[in-house]
Amino acid sequence: MTPLPDTLLTDLAAAAVAEGLADAVFTRLDSPIGRLLVVSGPGGICRIGFEEESDDAQLAEVAARLGPRIVASDAELDRVRDVLGEYLEGGARNGLAALDVDLSLVASPFRRTVLETLRAEVGPGDTTSYGKLGARVGHPRAARAVGTAMARNPVPLVVPCHRVLPGSGGVGSYAGGPARKRALLELEGALPPGLSPR
Amino acid sequence: MTPPLPPFWTLVEAHGDELLAHARRLTGAAEAEDVVQEALLRSLRAYPRLRHAEHLRAWLYRVTTTTAYDAHRVRGGRAGEELTDEPPAVAHAPEHYDDGFESLIDPLPDEARRALRLRFVDDLDYDRVGAALGCSAVAARQRVSSAVRTLRKQVAA
């Protein structure tokens, strides 16, 4: 069977957004670290997923929180695509901070605070540790809980959990895999000494 | 507990191609894309108010059929064997979706048919049925119940 033409899908999504029918809009973006799924709700970007994660599962997660009227539109997320694309191609790295982020997929107030603090205080080129990030939110012994907050970060890249490293050395783990974490740190010129990317 | 509604676009990506084929059978190739686009927009409007997450594919077929009829784009010969509302090869007949809906409401005036489709096919509440018909929610409710009464009499007769 013939798939629906792109023009039809584009027009449908534009009409849906214009009529206020969309609970969230998503786009798929090819980048040097693989294909990304980017979902944006009323408050901004609410979910970013790497290509290993299932699109349907991620969209269902957003639907459960923001509503089931989810549509695809590259045009609606034009600016987000540009900023992410430029950042990942190694261009301007400050654009990410200017994007709106919606943490409504984060149910725990503690994790939300940790993510907000990380985003506000640890810029590109900079890194911190799980323990230090805990200390910034008033819980210096909560390194493990901070680690969980990072592991469950629904919006990697825009909430830069790749900038949080283990106090014991190395790049540590990453939802998108350690190789991606290393690549992002290298992109930002923040790769710890002795950890050259393979 | 009823399962949550899947993200709407998941349905579009899963069934868009067969809905287009369905619309082509109803209207011919030239009009089919417009019909599908309008049908999907209607479906999206009604989507959060669906009372269950079952038979969504059949529901999309139904909305596509209704949209094709509303646009008066269906090719002549309603009795033609091609004109079925139901998706091909469904494992079980979706009983909420009465096969004979269009033929049942066929004798009613246009306005009454529209009101019934908006209420029972698009699954809109009366505020929205009213908005679509350009009347109040109360008037929309009256129009739907009066159409239902007429149908009852007709079926009883």
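Nothing in this text is a laboratory measurement; each read-out follows from the coordinates by a stated rule. On a predicted model such as this, the values are computed, not experimentally measured, just so you know. Don't worry about glycine lacking a Cβ; one is built from the backbone with ideal geometry, like all the others, and counts go over all protein chains shown.
A DSSP coil position with no more than 12 other Cβ atoms inside 10 Å describes the following trypsin sites (Lys or Arg not before Pro) in segment A:103-164: A:141. Taken as Cα centroids, segment B:18-64 and segment A:160-182 sit 46 Å apart, rounded to the nearest whole angstrom.
In this rough spin-label picture, where each label sits 7 Å from Cα along the Cβ direction, the residue B:142-residue B:156 distance is 2.2 nm. Sorted fewest first by neighbouring Cβ atoms within 10 angstrom, A:23, A:126 come out as A:126, A:23.
When you filter the GluC sites (Glu not before Pro) in segment B:29-75 for DSSP loop state and at most 16 other Cβ atoms inside 10 Å of their Cβ, you are left with B:54.
Listed from fewest to most Cβ neighbours within 10 Å, the set A:162, B:15 follows the order B:15, A:162. Just checking the listed ones, A:81, A:47, A:35: in the Gaussian network model of chain A with Cα springs under 10 Å, the one fluctuating most is A:35. For segment A:109-187, the Kirkwood estimate of the hydrodynamic radius, built from every pair of different alpha carbons, is 12.1 Å.
Just to confirm the filter: which trypsin sites (Lys or Arg not before Pro) across segment B:16-77 are DSSP coil and have at most 14 other Cβ within 10 angstrom of their Cβ?
Listed in order of number, the matching sites are B:51, B:75.
How big is the Rg/Rh ratio for the protein assembly as shown, C-alpha atoms only, Rh by Kirkwood, two decimals?
Result: Rg/Rh = 1.10.
Once you order the gyration tensor axes a ≥ b ≥ c over the Cα atoms, which shape class does segment A:62-197 get: rounded for a/c under 1.5, otherwise prolate or oblate by comparing a/b with b/c? Oblate is the answer for segment A:62-197, as a/c is 1.5 or above yet b/c matches or exceeds a/b. Projecting the Cα atoms of B:44, B:66, B:30 onto the charge dipole of segment B:1-77, computed from C-beta unit charges around the Cα centre, puts B:66 farthest toward the positive end.
Within chain A, what is the longest stretch that has no GluC sites (Glu not before Pro) placed in a DSSP loop and near at most 16 other beta-carbon atoms within 10 Å? Between the exposed loop sites, the longest stretch runs A:90-198.
Largest GNM mean-square fluctuation across A:145, A:63, A:15, computed for chain A with C-alpha springs under 10 Å, falls on A:15.
Once a ≥ b ≥ c are taken as the square roots of the eigenvalues of the Cα gyration tensor of segment B:1-77, is the result rounded (a/c under 1.5), prolate (a/b larger than b/c) or oblate (a/b not larger than b/c)? Taking the square roots of the gyration eigenvalues as a ≥ b ≥ c, segment B:1-77 is prolate. Could you check how many percent of all C-alpha pairs in segment A:7-98 are farther apart than 20 Å? Tail fraction, whole percent: 35.
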